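Presented below is the structure to which this report refers.
The values are calculated or read from the model by the stated rules, or taken from the named source; none is laboratory data. Being a predicted model, the structure only gives us computed values, none of them experimental. With ideal geometry, Cβ positions are generated from the backbone for all residues, glycine too; neighbour counts draw on all protein chains shown. These accessible areas exclude ligands, DNA and RNA; they are computed on the full protein's heavy atoms, side chains included. Shrake-Rupley method; radii C 1.70, N 1.55, O 1.52, S 1.80 Å.
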Amino acid sequence: MPVLADFARRRGITFPLLSDAGSATIKRYGLLNTTVDHTNALFGYPFPGTFIVDRNGVVTSRFFEDAYQERDTVSSMLVRLGQRVDVPATKVSGAHLSLVTYATDQVAAQGTHFSVVVDVTPAKGTHVYAPGAASYLPVALKVQPQAGVIVRAATFPKADDYFFKPLNEHVPVYQHPFRIVQDLMLDPSRDGTTALKDLTSIEVAGHFEYQACDDKVCFAPQSLPLTWTIGVKPLDRERAKPR
Amino acid sequence: MTLQPFVERARTSALVALAATLFTFATSVGAARLSLLEGQAASVNVDALGPKVGERLPPFSLNDQTGKQQTFESIAGPKGAMIVFFRSADW
């Protein structure tokens, strides 16, 4: 408890930090980190994660990781829940659509899970193809690989079913505004430490690929270049100094 | 470092963190990290652990940083709570 009090004081935290002596609650919740051997000094930690719980105590969403070094930011959780976050965004216009893109966090440390978001608005009367569409180029967000950045899963929304009568075919499309969330992480490994050494920010580059069609014509596939800049901060290694 | 994002963005609603029992490390940060990564060879499906979406959170009663005993009812705001499980407030 003195450690928590010290941490709260240093960080200006006013919300409750709860001490789970002997990891009793962690065990009761079934969250004891079993990747750690019981002889390891780290034994007793939970799997890191977050529950969002309504007023009645019912879990409405949850975000868990298996490595204790890794952590979702609040913003990256919010965008996956469809919420807006107040961060600088870039507007991009392409053929037959427009998009707004941003990184959920302006600063990250090794192990931080953040996301890049692409909010796409197809032009009126047009649609683009969703993942799984055969014979058409589905939308894709391709992030250029680089040392220090781990490209994690991307989340696409549920597609609309589009019936194209001339060919008597059903295809999954997006014809209304939709969001793609691509999760990224600053590499927490030693390779990441090496790659990110001395950097104060990184630029992540990618392309948004799509093919738009209206009810008569399919237009040429497009590729829009996108970039996001994220500040790099060092890990906080300050130890507690309980009074 | 682990709590930083939550600290910076704690404005949303009641935010609670359950800390594991705190340990003092004799090992260096690097050595501690390496040993856990080695231990992770057997992957765990974390989505299968703990209360699921739609389930009620099991009750808890724990002391906070001021020594006050807290339960879900005492920490929840009008919209509920965000409950963060984290490893430690001390390296």
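Here are some notes:
- For the range A:65-113, filtered to residues that are within 14 Å of chain B (Cβ to nearest Cβ) and among the small types (Gly, Ala, Ser), the residue that is nearest to B:Ala48 (Cα to Cα) is A:Ala67.
- Among all residues of the range A:164-180, there is at least one that is open to solvent by 70 Å² or more (accessible area, probe 1.4 Å) and part of a strand (DSSP E or B).
- Conditions (1) in contact with a Gly (Cβ under 9 Å, 6 or more places away or on another chain); (2) within 14 Å of chain B (Cβ to nearest Cβ); number of the one not met by A:Ser189: (1)
- Set A:Arg84, A:Arg55, A:Arg62: member being part of a strand (DSSP E or B) and open to solvent by 10 Å² or more (accessible area, probe 1.4 Å): A:Arg62
- Each residue in the range A:196-243 was checked for being within 23 Å of the chain's Cα centre (by Cα), open to solvent by 80 Å² or more (accessible area, probe 1.4 Å) and within 27 Å of A:Leu97 (Cβ to Cβ), and 3 of them qualify.
- Of all residues in the range A:1-21 being over 16 Å from B:Gln69 (Cβ atoms) and in contact (Cβ under 8 Å) with a residue 12 or more places away in the chain, the one that is surrounded by the most Cβ atoms within 10 Å (Cβ to Cβ): A:Phe7
- The range A:166-185 residues that are within 20 Å of A:Phe114 (Cβ to Cβ), paired with ones that are aromatic (Phe, Trp, Tyr) and open to solvent by 40 Å² or more (accessible area, probe 1.4 Å) (beta carbon under 8 Å, 6 or more apart): A:Ile180/A:Phe156
- For the range A:10-51, the set of residues classified as farther than 26 Å from B:Glu73 by Cβ and either more than 7 Å from every other protein chain (Cβ to nearest Cβ) or modelled with pLDDT of 85 or more (or both) consists of A:Arg10, A:Asn33, A:His38, A:Thr39, A:Phe43, listed by residue number.
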